[in-house]
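For reference, the structure discussed in these notes is given below.
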Amino acid sequence: MSLDAKIPEGSLEEKWRNYQMKSKLINPANKKKLNVIVVGSGLSGAGAAATLAELGYDVQCFCYQDSARRAHSVAAQGGINAAKNYQHDGDSVWRMFYDTLKGGDFRSREANTYRLAELSAPLIDHFTQQGVPFAREYGGVLVNRSFGGVQVQRTFYARGQTGQQLLMAAYSQLYKMVRAKKVTMFPRTEMLDLVVVDGKAKGIIARDLVSGEIKRFAADAVVLATGGYSRVFRLSTLAIGCNGSALWKAHKRGALFAAPSFTQIHPTALPQSSEAQSKLTLMSESLRNDGRIWVPKKKEDTRKANDIPEDERDYYLERRYPSFGNLAPRDIASRAAKDRIDAGFGIGRLKNAVYLDFKNAIEKFGAETIKDRYGNLFKMYKKITGVDAYQEPMQISPAAHFSMGGLWVDYELMTTIDGLYAIGECNFSDHGANRLGANSLLQASVDGYFILPNTINNYLASELKNEHVTTEHPEFAKAEKEVMEYINRVLTINGTKTVDHFHRELGKVMWQECAMSRNKKGLEKAIQQIKTIREEFWSDVKVTGHANEMNTELEKALRLADFIELGILMCTDALQRNESCGAHFREEFQTEDGEAVRADEDYSYVSAWEYMDGEFKLHKEELTFEFVQPSIRSYK
Ligand SMILES: Cc1cc2nc3c(=O)[nH]c(=O)nc-3n(C[C@H](O)[C@H](O)[C@H](O)COP(=O)(O)OP(=O)(O)OC[C@H]3O[C@@H](n4cnc5c(N)ncnc54)[C@H](O)[C@@H]3O)c2cc1C
């Protein structure tokens, strides 16, 4: 299979314009005849569904939550990047493009990454027009802060609730179109399979999560906007319901899965406090603008943080990375924290955390300013831990957070199945091996609002002359039957162990062997361990309840079965990449002082995996760098 990324011709600045000039258009009267399924109502899905409906298409939009506005984008805290250069601190589209490409350790496409930066500025205008209450200076000008891996201030924010405010805007647009009867919304409805007819995506099979009914939905194109899969680690900053199932089902139907092992571990979550815990809470990266990260210089120091004098503190990020300090990118900051914790300098009850300290910032700017900037995060911290972070440092720890990997897509965001698109966090496109903070809300939004609504016409224009496939097509009956049999199989195992038991086992293996650092031996062992978990799951899981009712145990079991298989693919992907790049840190490939060593001659490609009856075949999309020369990524 040859992977054609369909990169348009021209200089970086010209590519998107050239694409738009040449791409096919559809007459508004004809758009009405076309129907698009959008699975997901987060920023990418809601943005796409609302925009496609505005353009005239009929849209069916799905989410598993009880309301579209509870999609996980709502949880995003810190901000959204845009190259507006409001601060006059030297920012530009080119600089943002370069920061993003370098941040991803030169493992993404130049053209996609440039387009992300290019569309960032109009996106902020778009959201402002929709009424998003971005933080402003006293005089009314939008204000910015910094996120990791950059030396300018380009992050727009709405306190620590940026995702919520952006999603409210997208949701308002979506519901305007629902009221206009151009979007039909299906909340509490989970896609369980993709229907492919003659090589083209033509619909989905979904389960009504309230009644348990299995339903068929047909369309002229299908867009997946289903978010990230970091719950494969079980403990993560994602909501419990986040899953990778839609991606996995599409993968099994022929969509290649790209760079599955590129997953991001965020340095500033609240530490795990017990085995029974089911989720971790993020403390936004924005806190690293003012908070200083440190551990005691003495191992297993039992003194309270405030009793440890300045010269007995190790501000290890400032020490190791003086140019970027506490704003070193996430992969680097997480690994540095792990390094200190593993070496015995961890703090907290389980010695699995480091300090994030605002003492200096409060002395310099005053508590009121810090409250203005991060008040809700401090409040949340106090609510969860009982500790007042204005008085003593926060305790933070690395946690699984984001997936850079996802379905392989070309420049048009189309997967390797014709008519199947993947947008937002569920695709692999712009972030390479490490995503810079505040670039994800951006990617989800530009994919949904600006890119997909342009590129999908190119495909749908040719579908106009074809007959619409309906749910009566035999492929729908076949896929529906397979889904029902699969559910029945899960429900009739009637074993002795809970779904959570198996998820915990999977999570431990993934965290141990395929998270912040990886090695050949560990990955080989992990693949065997996960295969054993899979065998035990299919012979000994107990899923209570029935198929034709609301059954959250069944929902969890179906999602976990897919996570188990995805876990095997992630380890397989990490094993084949004999280099360290971004978040993929292979212990065998590092410098003496613990920095990543890339192998551009052999690994400058996007790995894209084909599913073949339980086995995986590797395809490679070679990355060519025409405009930027990959360099050693240094933040020192
Ligand atoms: C705690 C936290 C804080 C973050 N903070 C920031 C930040 O400050 N800045 C930033 O840039 N990024 C941040 N991120 C990342 C960012 O929020 C996400 O990457 C982004 O919002 C993803 O948007 P999305 O549209 O791709 O998916 P989501 O918002 O996750 O939406 C997924 C949608 O798909 C639906 N869905 C999934 N599977 C199915 C299925 N099988 N059937 C039907 N529907 C399905 C869901 O119901 C949901 O509607 C943060 C992430 C987390 C977890």
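I want to confirm something. Restricting to region 212-256 and keeping residues that are farther than 28 Å from residue 468 by Cα and among the aromatic types (Phe, Trp, Tyr), which single residue is farthest from the ligand (Cβ to nearest atom)? Can you show your working first?
Here is the first cut: in region 212-256, the residues farther than 28 Å from residue 468 by Cα are 227-244.
Narrowing the set further to residues that are among the aromatic types (Phe, Trp, Tyr) leaves 229, 233.
Numbers: 229: 10, 233: 12 Å.
My answer is 233.
Look at region 69-88 and say how many of its residues are closer than 30 Å to residue 186 by Cβ and assigned to a loop (DSSP other than H, G, I, E, B). Reasoning before the result, please.
Within region 69-88, the first condition is being closer than 30 Å to residue 186 by Cβ, and the residues that meet it are 69-77, 80.
Still in the list and also assigned to a loop (DSSP other than H, G, I, E, B): 71, 76-77.
Adding up the residues that qualify gives 3.
How about region 340-350: which of its residues are buried (at least 22 other Cβ atoms within 10 Å of the Cβ) and either of a type in the set (Val, Ile, Thr) or within 14 Å of residue 401 (Cβ to Cβ) (or both)?
If the condition is that a residue be buried (at least 22 other Cβ atoms within 10 Å of the Cβ) and either of a type in the set (Val, Ile, Thr) or within 14 Å of residue 401 (Cβ to Cβ) (or both), then 347 is the only one that fits.
Restricting the search to region 510-522, which residues are over 11 Å from residue 572 (Cα atoms) and over 21 Å from the mean Cα position of the chain (by Cα)?
Going through region 510-522, the residues over 11 Å from residue 572 (Cα atoms) turn out to be 510-513, 515-519, 521-522.
Those that are over 11 Å from residue 572 (Cα atoms) and over 21 Å from the mean Cα position of the chain (by Cα): 519, 521, 522.
Could you list all residues from region 421-440 that are part of a loop (DSSP other than H, G, I, E, B) and either within 11 Å of the ligand (Cβ to nearest atom) or out of contact with any helix residue (DSSP H, G or I) (no Cβ under 6 Å at 6 or more places or on another chain) (or both)? Walk me through how you get there before you give the answer.
The first filter runs over region 421-440 and keeps only residues part of a loop (DSSP other than H, G, I, E, B), leaving 423, 429-439.
423, 431, 432, 433, 435, 436, 437, 438, 439, listed by residue number.
Every residue in region 39-68 that is over 19 Å from residue 464 (Cα atoms) and either near the ligand (Cβ under 6 Å from one of its atoms) or part of a strand (DSSP E or B) (or both), please.
Applying the first criterion (over 19 Å from residue 464 (Cα atoms)) to region 39-68 yields 39-51, 61-68.
The answer is 39, 40, 41, 42, 43, 44, 45, 61, 62, 63, 64, 65.
Among 289, 326, 360, 306, which is the only one that is on the phi < 0 side of the Ramachandran plot and touching a Pro at 6+ places or on another chain (Cβ under 9 Å)? Working first, answer last.
On the way: 289 fails: touching a Pro at 6+ places or on another chain (Cβ under 9 Å); 326 fails: touching a Pro at 6+ places or on another chain (Cβ under 9 Å); 360 fails: touching a Pro at 6+ places or on another chain (Cβ under 9 Å).
None of the other options fit; the residue is 306.
Here's a check for you: in region 284-312, which residue that is of a type in the set (Gly, Ala, Ser) and at pLDDT 95 or above is surrounded by the fewest Cβ atoms within 10 Å (Cβ to Cβ)?
305
Residue pairs, Cβ under 9 Å, 6 or more apart or interchain, first in region 517-536 and closer than 15 Å to residue 563 by Cβ and touching a residue at least 40 places away in the same chain (Cβ under 8 Å), second outside any helix (DSSP H, G or I) and not β-branched (Val, Ile, Thr). List them.
526/514; 526/518
Under 9 Å by Cβ, and 6 or more places apart or on different chains, what pairs join a residue from region 282-299 that is assigned to a loop (DSSP other than H, G, I, E, B) with one that is within 15 Å of the ligand (Cβ to nearest atom) and among the polar types (S, T, N, Q)?
Listed by first residue and then by second, the contacts come to 283/77; 283/268; 284/77; 284/162; 284/268; 291/268.
Modelled with pLDDT under 95 and away from the ligand (no atom under 16 Å from the Cβ): does that describe residue 357? Let's see the steps before the verdict.
Working: modelled with pLDDT under 95: no; away from the ligand (no atom under 16 Å from the Cβ): yes.
No: the conditions fail for residue 357.
Residues of region 213-225 being in a strand (DSSP E or B) and of a type in the set (Gly, Ala, Ser), which ones?
Step one: filter region 213-225 for residues in a strand (DSSP E or B), giving 214-218, 221-224.
Answer for region 213-225, where residues must be in a strand (DSSP E or B) and of a type in the set (Gly, Ala, Ser): 218, 221.
Within region 326-342, how many residues are in contact (Cβ under 8 Å) with a residue 24 or more places away in the chain and more than 20 Å from residue 597 (Cα to Cα)?
4
Examine region 122-142 for a residue that is touching an Asp or Glu at 6+ places or on another chain (Cβ under 8 Å) and buried (at least 16 other Cβ atoms within 10 Å of the Cβ), and state whether such a residue exists. Please lay out each step first, then the result.
Let us first name the residues in region 122-142 that are touching an Asp or Glu at 6+ places or on another chain (Cβ under 8 Å), namely none.
No, region 122-142 contains no residue that is touching an Asp or Glu at 6+ places or on another chain (Cβ under 8 Å) and buried (at least 16 other Cβ atoms within 10 Å of the Cβ).
Inside region 188-211, can you point out the residues that are more than 14 Å from residue 480 (Cα to Cα), within 14 Å of the ligand (Cβ to nearest atom) and surrounded by fewer than 19 Cβ atoms within 10 Å (Cβ to Cβ)?
Of all residues in region 188-211, those more than 14 Å from residue 480 (Cα to Cα) come to 188-189, 198-201, 209-211.
Okay, now just the ones that are also within 14 Å of the ligand (Cβ to nearest atom), so 188-189, 209-210.
Within region 188-211, 188, 210 qualify.
Can you pull out every residue in region 251-263 that is outside any loop (DSSP other than H, G, I, E, B) and surrounded by fewer than 24 Cβ atoms within 10 Å (Cβ to Cβ)?
Narrowing region 251-263 to residues outside any loop (DSSP other than H, G, I, E, B): 251-252, 257-258, 263.
Listed by number, the list holds a single entry, 252.
Within the group 337, 353, which residue is surrounded by 13 or more Cβ atoms within 10 Å (Cβ to Cβ) and closer than 18 Å to residue 274 by Cα?
353
Check whether at least one residue in region 11-25 is under 26 Å from residue 467 (Cβ atoms) and of a type in the set (Phe, Trp, Tyr), and report yes or no. Quick ask: steps written out before the conclusion?
Filtering region 11-25 down to residues under 26 Å from residue 467 (Cβ atoms) leaves 23-25.
Then keep just the ones that are of a type in the set (Phe, Trp, Tyr); that gives none.
Checked against the condition, which is being under 26 Å from residue 467 (Cβ atoms) and of a type in the set (Phe, Trp, Tyr), region 11-25 yields no hits at all.
May I ask you to list the residues in region 131-141 that are modelled with pLDDT under 95 and within 16 Å of the ligand (Cβ to nearest atom)?
Hit for region 131-141 is 135, nothing else.
Working only within region 226-250, note down all residues that are out of contact with any Leu (no Cβ under 7 Å at 6 or more places or on another chain) and assigned to a helix (DSSP H, G or I). Steps first, answer last, please.
Quick first cut of region 226-250, residues out of contact with any Leu (no Cβ under 7 Å at 6 or more places or on another chain) only: 227, 233, 238-243.
Within region 226-250, 233 is the sole residue that qualifies.
Consider residue 88 against the criteria (1) surrounded by 23 or more Cβ atoms within 10 Å (Cβ to Cβ); (2) on the phi > 0 side of the Ramachandran plot: it satisfies all of them except one. Which criterion is unmet?
It fails just one condition, (1).
Pick from 73, 67, 44, 11: which is surrounded by fewer than 16 Cβ atoms within 10 Å (Cβ to Cβ), among the small types (Gly, Ala, Ser), under 30 Å from residue 215 (Cβ atoms) and at pLDDT 95 or above? Talk me through it step by step, then tell me what you get.
Values: 73 fails: surrounded by fewer than 16 Cβ atoms within 10 Å (Cβ to Cβ); 44 fails: surrounded by fewer than 16 Cβ atoms within 10 Å (Cβ to Cβ); 11 fails: under 30 Å from residue 215 (Cβ atoms).
Checking each option against the conditions leaves just 67.
Residues to consider are 481, 497, 525; find the one that is surrounded by 15 or more Cβ atoms within 10 Å (Cβ to Cβ) and over 17 Å from residue 572 (Cβ atoms). Write out each step before concluding.
Details: 481 fails: surrounded by 15 or more Cβ atoms within 10 Å (Cβ to Cβ); 525 fails: over 17 Å from residue 572 (Cβ atoms).
After applying the criteria, what remains is 497.
If we scan region 224-247, do we find a residue that is modelled with pLDDT of 95 or more and either closer than 25 Å to residue 125 by Cα or in the same structural domain as residue 507 (by TED's automatic domain parsing) (or both)?
Looking for residues that are modelled with pLDDT of 95 or more and either closer than 25 Å to residue 125 by Cα or in the same structural domain as residue 507 (by TED's automatic domain parsing) (or both), one finds at least one in region 224-247, hence yes.
Go through region 606-629 residue by residue and tally those that are within 30 Å of residue 336 (Cα to Cα), touching a Lys or Arg at 6+ places or on another chain (Cβ under 8 Å) and either modelled with pLDDT under 95 or not hydrophobic (A, V, I, L, M, F, W, C) (or both).
Our first condition is that a residue be within 30 Å of residue 336 (Cα to Cα); within region 606-629, this holds for 606-608, 623, 625, 628-629.
This time we only want the ones that are touching a Lys or Arg at 6+ places or on another chain (Cβ under 8 Å), so: 606-608, 623.
Then keep just the ones that are either modelled with pLDDT under 95 or not hydrophobic (A, V, I, L, M, F, W, C) (or both); that gives 607.
Total meeting the criteria: 1.
When you check residue 319 against the structure, is it out of contact with any Phe, Trp or Tyr (no Cβ under 6 Å at 6 or more places or on another chain), outside any loop (DSSP other than H, G, I, E, B) and without any contact (Cβ under 8 Å) to a residue 24 or more places away in the chain, yes or no? Spell out the reasoning first.
Values: out of contact with any Phe, Trp or Tyr (no Cβ under 6 Å at 6 or more places or on another chain): yes; outside any loop (DSSP other than H, G, I, E, B): yes; without any contact (Cβ under 8 Å) to a residue 24 or more places away in the chain: yes.
When the stated conditions are applied, residue 319 passes them.
Looking at residue 304, is it closer than 21 Å to residue 483 by Cα and over 18 Å from the mean Cα position of the chain (by Cα)? Write out each step before concluding.
On the way: closer than 21 Å to residue 483 by Cα: no; over 18 Å from the mean Cα position of the chain (by Cα): yes.
So residue 304 does not fit the description; no.
The values are calculated or read from the model by the stated rules, or taken from the named source; none is laboratory data. Please read these numbers as outputs of a predicted model, since none were measured by experiment. Note that we place each Cβ from the backbone using ideal geometry, even for glycine, and neighbour counts take in every protein chain shown.
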